[in-house]
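Note sheet for the following structure.
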Amino acid sequence: MKRFLLSPVSGRTARQYLFALLSAPLGIAGFVYVVVTLSVGGALSFTFIGLPLIATAIFLAKKYGGVQRAMADRLLGVDIEAPLPNARWRTAHGLLAKLGAALGDLAAWRAQAYLLLRFPLGVAYLATLGLGVVEGMVMVAYPIWWSVFDVQNKDSHGVVHHSALQLGDGFYFDTWPRALLVTAAGVVWVYAAVWLLKFWLWLDTLLMRGLLGPTSSERRVEELTVSRAHAVDDSAARLRRIERDLHDGAQAQLVALAMQLGEAKENLDATGGGAELDLIETRALIDTAHRNAKQAINELRDLARGIHPAALDNGLRDALGTLAARSAMPVTVNVALAERPDRAIETITYFCAAELLTNAAKHGAPSRAAMSVVQEDGKLTLLVEDDGRGGAHVGYGGGLAGLLDRVRTVEGSLEVDSPQGGPTRVVVKLPMHV
């Protein structure tokens with residue numbers, strides 16, 4: 001109620017007044033600009049001047065769209081994304097290719113359409129501000145200027161009335177009670193004008209979002225481009241890790257194994273040639289080779305588990321239960337899925353859960369944690385909570401940043417709520433199928 005009562009004089013409404021006051025003449029001028037440039041450009045399209053003129057006109061309209069978005073952000077608090085850059089312009093070579101790229105810029109044409117469609121809104125802004133807000137404020141102040149200036153007028157019978165307003169030819173607002181009625185009507189008038197202005201602004205915001213920002217298909221292309229880049233980076237990082245683990249671990253163990261078996265073979269060959277066999281040295285070489293072979297096998301097994309954990313063969317319930325059992329803190333697990341997700345989604349969920357539990361134990365010092373996986377609105381939702389010290393955030397190069405990159409490869413999302421002092425709550429949402 002307080003917000004409603006103060007709406008005509010609030011700071012937010014004042015910024016809306018300013019936005020309407022600035023954008024109304026700009027919008028009307030933009031409408032004239034579009035009509036003139038398209039008409040002239042169309043008339044001259046059979047010459048070399050016409051098409052460049054149209055291309056320049058829609059380019060400038062696109063720049064105007066940037067100004068309009070900036071005004072909406074500063075004055076209305078409406079954040080509208082900029083449309084994607086014209087990719088064809090960057091790759092076009094030659095004058096004709098550049099001209100074709102400019103004329104094919106859909107974002108620029110949408111800016112043109114915005115200038116055409118918002119012309120009625122510009123007129124509505126001026127009418128609402130002038131006939132609504134300003135005239136309403138004049139009515140609110142009527143008792144003051146009526147008493148100060150003592151305005152007089154005559155009726156049709158020549159009778160003088162001390163009134164600046166009248167209804168018909170018989171009702172004059174020439175007394176204080178009647179003057180206060182004008183004030184009351186002015187208050188209602190102002191409130192009606194303010195909320196009508198807010199309605200026009202709402203319509204303008206819809207137009208700006210639809211015509212001055214990226215379309216849903218453009219957002220989809222951008223998201224897929226980002227997801228593909230993350231997927232490529234993630235795959236490259238995993239390949240480098242596998243190569244490094246093979247080179248530094250299992251490969252080194254197998255090389256040592258081959259050398260030790262070679263030495264044992266040389267000892268055996270020496271025995272065959274009549275040399276005395278040092279059975280103790282040969283046995284030691286074979287024992288060492290045996291240990292290295294077992295160590296190499298274990299390292300290869302661990303590497304294979306890192307690519308696809310064996311615990312996932314029976315689904316997420318068993319895999320997450322195994323994670324909880326191995327955790328350094330008590331972890332409760334709840335898995336409620338109506339169907340089994342794709343293997344890739346299961347793997348990402350498993351690694352996210354493992355990383356989150358590891359981070360919690362390492363940085364949060366919690367006494368307990370809870371982990372749940374549910375299916376909501378066709379998506380898999382992983383929730384990990386702990387009662388640690390909090391302060392977790394998605395920082396560059398951190399573990400949570402790596403998880404965010406991983407979930408983005410399948411168009412997932414990651415949200416972190418971890419105030420200082422705790423608790424920490426991390427929500428990962430993934431599609432059920434890819």
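The values are calculated or read from the model by the stated rules, or taken from the named source; none is laboratory data. Everything numeric here is computed off the predicted structure, so don't read it as measured data. All Cβ positions, even for glycine, are placed from backbone atoms using ideal geometry, and neighbour counts span all protein chains on display. Protein only, heavy atoms only, side chains kept; ligands, DNA and RNA dropped before computing areas. Shrake-Rupley method; radii C 1.70, N 1.55, O 1.52, S 1.80 Å.
List of remarks:
- Test: residue in segment 170-180 that is of a type in the set (Ser, Thr, Tyr), modelled with pLDDT of 70 or more and open to solvent by less than 90 Å² (accessible area, probe 1.4 Å): no
- Scanning segment 326-342 for residues that are open to solvent by less than 50 Å² (accessible area, probe 1.4 Å) and closer than 16 Å to ASP387 by Cβ returns SER327, MET329, VAL331.
- When segment 419-434 is filtered for residues that are touching a Lys or Arg at 6+ places or on another chain (Cβ under 7 Å) and either of a type in the set (Asp, Glu) or assigned to a loop (DSSP other than H, G, I, E, B) (or both), the ones remaining, listed by number, are GLY421, GLY422, MET432.
- Of everything in segment 141-162 that is at pLDDT 70 or above and aliphatic (A, V, I, L, M), the residue that is surrounded by the fewest Cβ atoms within 10 Å (Cβ to Cβ) is ILE144.
- Segment 15-74, residues that are in a helix (DSSP H, G or I), out of contact with any Phe, Trp or Tyr (no Cβ under 7 Å at 6 or more places or on another chain) and aromatic (Phe, Trp, Tyr): TYR17, PHE19, TYR33, PHE59, TYR64
- Residue satisfying all of: in segment 349-408; in contact (Cβ under 8 Å) with a residue 60 or more places away in the chain and among the aliphatic types (A, V, I, L, M); nearest to VAL434 (Cα to Cα) among these: LEU356
- Of all residues in segment 116-140 being over 35 Å from the mean Cα position of the chain (by Cα) and open to solvent by 70 Å² or more (accessible area, probe 1.4 Å), the one that is nearest to LEU207 (Cα to Cα): LEU131
- Yes/no for THR56 being of a type in the set (Val, Ile, Thr) and surrounded by fewer than 18 Cβ atoms within 10 Å (Cβ to Cβ): yes
- Counting the residues of segment 23-44 that are at pLDDT 80 or above and surrounded by fewer than 15 Cβ atoms within 10 Å (Cβ to Cβ) gives 6.
- Residue check for ASN359: at pLDDT below 85 and either open to solvent by 40 Å² or more (accessible area, probe 1.4 Å) or of a type outside the set (Lys, Arg) (or both): yes
- Residue in segment 360-380 that is part of a helix (DSSP H, G or I) and either under 21 Å from LEU312 (Cα atoms) or in contact with an Asp or Glu (Cβ under 6 Å, 6 or more places away or on another chain) (or both) present: yes
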